[in-house]
Amino acid sequence: MTSLAMSYLPSELDVEVTGGVVRGVRERAVDAWRGIPYAAPPVGDLRFRAPQPVVPWVGARFGDSFGKVAPQSRKGAFLGAPEGTPMGEDCLTINVIAPAGVSPSASAAVRAAQLRPVMVFIHGGAYSVGSSREFPQQGEALVRQGGVLYVSFNYRIGALGYLDFSRYSTQERPIESNLGLRDQVAALEWVRDNIRAFGGDPDNVTIFGESAGGNAVTTLLAVPAAGGLFARAIAQSPPPNAVYPAELTAHWAGEFVAALDGAKPGEEETDTARAVELLTGSPWSRLVEVTDAIMLRTPDEYPGTISLCPVIDGDFLPERPLDAFKAGRAAPVPLIIGTNDREGSLFRKRLDILATTPKRIAAVFARTDPDARREIEAQYPGLPRRRAALDFGGDYAFWFPSVKVAERHARFAPVYFYRFDIAPRLLRLAGYDATHGLELFALFDRMDEWFGRAITTLGGRRAFVAAGERMRRAWLSFAHDGTVDESWPAYEPEARSTLIIDTVDRVESDPRSGRRRAWQRFVPHL
């Protein structure tokens with residue numbers, strides 16, 4: 001066994017899935033299968049191609065360890081996988097955690113009677129870092145508390161998954177768009193076709209994700225190919241507007257290829273033949289290196305955007321998700337969506353990619369009329385000083401677009417809106433408060449990790465852990481049958497009821513209504 005599985009007790013948990021048999025492992029009160037391929041390795045001629053069917057294997061695979069993480073930087077704007085973590089393009093693998101005791105070898109009739117809800121988590125990381133193995137036990141608290149199956153997976157990120165190089169596609173060497181998004185659909189198709197063998201109900205699947213994973217959720221709701229693959233959705237701190245037209249993403253692709261070719265910004269563009277040669281022949285480490293450079297440039301050259309994002313290609317993603325929500329063309333499934341109290345406070349120093357500097361804020365304001373600008377500025381006293389700027393950038397990227405998703409989708413399906421406010425005293429003293437990503441430590445019961453212990457050294461641990469337990473209870477109820485506690489009303493454009501998750505939870509009607517009304521004037525970009 002690998003070191004990751006040293007504490008596991010081997011068990012006869014053979015499951016037949018598409019491609020072969022996977023033997024699982026047992027840890028405490030759960031059974032786990034790690035590193036199962038859900039698509040063919042996207043290497044060689046399959047680089048920059050849509051995911052292909054899994055390559056069958058002979059015999060049984062022992063699913064005791066995670067698959068390789070997608071290529072990513074360990075020293076870019078966001079910290080990637082730690083040194084020593086296996087990494088490579090052969091990364092399209094999926095993991096399943098189930099309550100222990102439901103034997104996959106049981107008869108089909110017994111398994112059918114015991115089918116459990118499935119929760120599929122899509123990891124975040126600005127579509128540039130992250131993986132399904134960031135915390136090996138992630139998801140176990142949901143499985144133990146709610147009796148669900150927890151599924152996580154890797155997908156292509158960075159230039160290999162989220163830059164659109166289709167402008168260089170040729171008949172001899174096709175290149176498709178939205179590769180990471182296509183991977184996510186392929187993973188959900190794998191769940192549909194295989195999860196019953198693990199005891200999961202393919203007709204009762206909830207997708208959920210945070211940050212880029214939240215963007216994946218709101219985007220998948222607008223992807224026709226994802227229709228019918230999930231029954232419910234939860235989007236935590238998504239940036240729903242981080243989906244861009246093909247003209248802009250093609251420009252970014254040109255800048256990337258020029259940099260890959262050693263050209264300086266503004267120099268003559270690389271021709272198609274040379275671009276294909278560079279994209280298909282460069283080692284993935286070089287692609288990651290250039291991705292770092294492009295990501296650091298984008299926030300200043302194109303303020304308010306994030307270069308690694310889905311593209312409106314008119315095919316796989318036919319329109320902007322917010323437009324699909326408005327017209328009722330998004331999948332009409334129940335949705336939980338929300339953000340944290342101060343999303344932007346995390347994005348400082350090396351993480352500073354939002355519209356938080358005077359130059360970037362001015363560029364954002366240039367897209368609207370002076371009256372709207374004055375109304376918005378009034379909601380952030382002191383702008384562009386740092387605290388106000390961080391709140392402005394966080395609201396622009398995460399909060400207000402999430403409000404737009406909620407109010408539009410609520411016309412066609414049940415929507416529940418939340419705001420995560422609770423934060424340990426140390427984070428409040430440091431000026432972070434309930435910042436971006438903090439709710440993951442509560443939801444996934446990660447407070448015994450070093451970060452969880454560190455942020456509660458000055459108190460607040462018990463209340464934070466209790467908030468996480470309540471949050472899990474709500475998420476699990478939703479995953480079981482689409483309902484939440486009756487004290488949490490559905491979101492409607494009139495009342496805009498919002499669950500505030502704090503030391504004591506409460507429901508507020510249209511919190512921060514002044515900010516919302518001011519941002520409503522910002523029509524051009526929304």
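The values are calculated or read from the model by the stated rules, or taken from the named source; none is laboratory data. Small disclaimer: the values here were computed from a predicted structure and weren't measured. Reconstructed Cβ throughout: ideal geometry from the backbone, glycine too, with neighbour counts over all protein chains shown.
Among (1) small (G, A, S); (2) farther than 20 Å from G161 by Cβ; (3) touching a residue at least 40 places away in the same chain (Cβ under 8 Å); (4) not in a strand (DSSP E or B), which single condition is A233 missing?
Here A233 meets the rest and fails (4).
Can you spot a residue in the range 285-296 that is more than 29 Å from the chain's Cα centre (by Cα), crowded, with 21+ Cβ neighbours inside 10 Å and closer than 30 Å to Q171 by Cβ?
Taking every residue of the range 285-296 in turn, none turns out to be more than 29 Å from the chain's Cα centre (by Cα), crowded, with 21+ Cβ neighbours inside 10 Å and closer than 30 Å to Q171 by Cβ.
Checking the condition surrounded by 13 or more Cβ atoms within 10 Å (Cβ to Cβ), among the basic types (K, R) and within 25 Å of the chain's Cα centre (by Cα), which residue from R521, R516 passes?
R516
In the range 408-437, what residues are touching a residue at least 60 places away in the same chain (Cβ under 8 Å), aliphatic (A, V, I, L, M) and more than 29 Å from P332 (Cα to Cα)?
The answer is I422, A423, A434.
Got a number for residues in the range 1-50 being at positive phi, assigned to a strand (DSSP E or B) and modelled with pLDDT of 95 or more?
Residues in the range 1-50 being at positive phi, assigned to a strand (DSSP E or B) and modelled with pLDDT of 95 or more: 1 in total.
Could you list all residues from the range 470-518 that are closer than 18 Å to L335 by Cα and in contact with a Gly (Cβ under 9 Å, 6 or more places away or on another chain)?
R472, R473, W475, L476, S477, A479, H480, T498, L499, I501
Select from the range 326-363 the residues that are in a loop (DSSP other than H, G, I, E, B) and among the β-branched types (V, I, T) and write down the one among them that is surrounded by the fewest Cβ atoms within 10 Å (Cβ to Cβ).
Step by step, filter the range 326-363, then rank; the result is T357.
A222 versus (1) at negative phi; (2) small (G, A, S); (3) out of contact with any Lys or Arg (no Cβ under 8 Å at 6 or more places or on another chain): which is the lone unmet condition?
(3)
Report whether or not S285 is in a helix (DSSP H, G or I), in the same structural domain as F464 (by TED's automatic domain parsing) and among the hydroxyl-bearing types (S, T, Y).
In short, no.
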